[in-house]
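Structure record follows, encoded as structure tokens.
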Amino acid sequence: MPESSNPSSPAETAWQILPQGDRCLVFQLGDTISEAVGQQCLGLAQALRDAAWPGVTDVVPSFTKVAVHYRPLPDGSGPTFASLRTLIEARLRDGIVVAERASREVSIPVCYGGEHGPDLDDVARAAGISPQAVIDLHTQPGAMVYMLGFAPGHAYIGVHDERLGIGRRDTPRSVVPIGSVAIANRQSVIYPNRLPGGWNIIGATPLTMFDPARDPAALLQPGDRIRFVAIDEAEFDRLRAQETP
């Protein structure tokens with residue numbers, strides 16, 4: 001298994017390059033979610049996009065992996081798993097460099113509890129703390145967007161205090177309202193549309209998370225720093241009215 005030095009950490013990180021079907025390969029950095037690994041995935045994804053290799057159609061970072069999608073060129077040539085693996089290994093001879101772009105600081109207003117956060121009390125009981133303590137933990141700085149997935153603009157945010165390490169709901173909902181802020185396993189998601197979901201809903205944001213007419217369409221991007229800010233019902237309604245055309 002190849003190894004690469006992580007410039008953000010004195011430790012070395014073992015990595016693997018594995019096939020994923022016949023038109024994708026996956027670069028895997030272990031199986032532990034951490035900010036250091038997440039930053040490495042973002043850095044590698046950016047480096048592979050910048051390389052602009054012919055036949056590579058998409059590069060998608062996640063918590064611990066980077067997927068590289070590819071297809072043959074019209075003349076029958078183009079990348080294969082073996083050729084792309086060789087290119088990636090050559091690019092990584094000096095290690096995985098963390099993305100250079102400065103992280104954006106994004107504040108997300110959230111109205112916690114009540115009709116917007118029907119699972120807040122259950123989360124508090126499961127964590128053995130008060131509902132206000134859940135809010136206090138959730139609004140602590142330091143959270144990061146690790147990836148987008150599941151639906152357009154659906155951001156996975158973490159890693160929160162270990163006391164918010166509760167599991168998902170036993171029974172998922174068939175419909176979760178747009179803007180719902182939900183937690184599970186020390187992570188948060190914000191539902192960009194009405195979607196099914198099994199995470200614990202503790203609040204809602206009035207912000208529009210995904211708008212195809214906006215550039216970029218997704219409000220949040222991998223690498224963004226997130227600060228959840230508690231607001232009351234009146235402020236929620238005021239901000240929601242501003243977001244509605």
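The values are calculated or read from the model by the stated rules, or taken from the named source; none is laboratory data. Bear in mind the structure is a predicted one, so any value in this text is a computation, not a measurement. Cβ: placed from backbone, ideal geometry, glycine included. Neighbour counts: every protein chain shown. Ligands, DNA and RNA are stripped out before the accessible areas are found, and what is left, the full protein with its side chains, is counted by its heavy atoms. Shrake-Rupley method; radii C 1.70, N 1.55, O 1.52, S 1.80 Å.
Residue by residue through segment 22-30, what is 3J(HN,Hα) from phi via Karplus (6.51 cos²θ - 1.76 cosθ + 1.60, θ = phi - 60°)? Round to whole Hz and write x for glycine and proline.
Running phi through 6.51 cos²θ - 1.76 cosθ + 1.60 with θ = phi - 60° gives 9, 9, 7, 10, 10, 8, 10, 10, x Hz.
Compute the accessible area per residue over segment 30-123, keeping the other protein chains in place, probe 1.4 Å, unit Å².
Solvent-accessible surface per residue comes out at 52 Å².
Give me the percent of accessible area attributable to carbon and sulfur for segment 161-245, probe 1.4 angstrom.
49
Tell me what the chain gives for mean residue ellipticity at 222 nm when only DSSP H runs of n ≥ 4 count, each as -39,500 (n - 2.57), the sum divided by the residue total, rounded to 500 deg cm²/dmol.
-7000 deg cm²/dmol
Can you compute 3J(HN,Hα) from phi for each residue in segment 202-214, using the Karplus curve 6.51 cos²θ - 1.76 cosθ + 1.60 with θ = phi - 60°, rounded to whole Hz and x for Gly and Pro?
Computed from phi, the couplings for segment 202-214 are 10, x, 8, 10, x, 6, 8, 7, 9, 9, x, 7, 9 Hz.
Taking amide H atoms as placed 1.01 Å from N in the peptide plane, list the residues 5 or more away in sequence, or in a different chain, whose amide H sits under 5 Å from that of residue 203.
Result for residue 203 returns 113, 181.
All other residues with a Cβ under 9 Å from the Cβ of residue 198 taken together, and with Lys, Arg as +1 and Asp, Glu as -1, what is their net charge?
In short, +2.
Can you sort 80, 32 by 1.4 Å-probe accessible area, starting with the largest?
32, 80
Grab the eigenvalues of the alpha-carbon gyration tensor for segment 105-243, scale each by 5, take roots, and send me the semi-axes largest first in whole angstrom.
21, 16, 15
Any idea what the dipole of the chain comes to, in debye rounded to 20, about its Cα centre with Lys/Arg Cβ at +1 and Asp/Glu Cβ at -1?
Here the size comes out at about 440 debye.
Can you work out the base-10 log of I(q)/I(0) for segment 33-128 at q = 0.12, 0.14, 0.20, 0.24 1/Å, using the Debye formula on its C-alpha atoms alone?
These q points yield log10 I(q)/I(0) values of -0.59, -0.69, -1.00, -1.25.
List the residues whose amide H sits under 5 Å from the amide H of residue 165, counting only those 5 or more places along or on another chain, with H placed 1.01 Å from N in the peptide plane.
Those qualifying (amide H under 5 Å, at least 5 residues apart or on another chain) are 186.
Can you work out ³J(HN,Hα) from phi for every residue in segment 156-171, in order, using Karplus 6.51 cos²θ - 1.76 cosθ + 1.60 and θ = phi - 60°, giving whole Hz and x for Gly and Pro?
9, 10, x, 9, 7, 3, 4, 5, 9, x, 6, x, 6, 5, 5, 10
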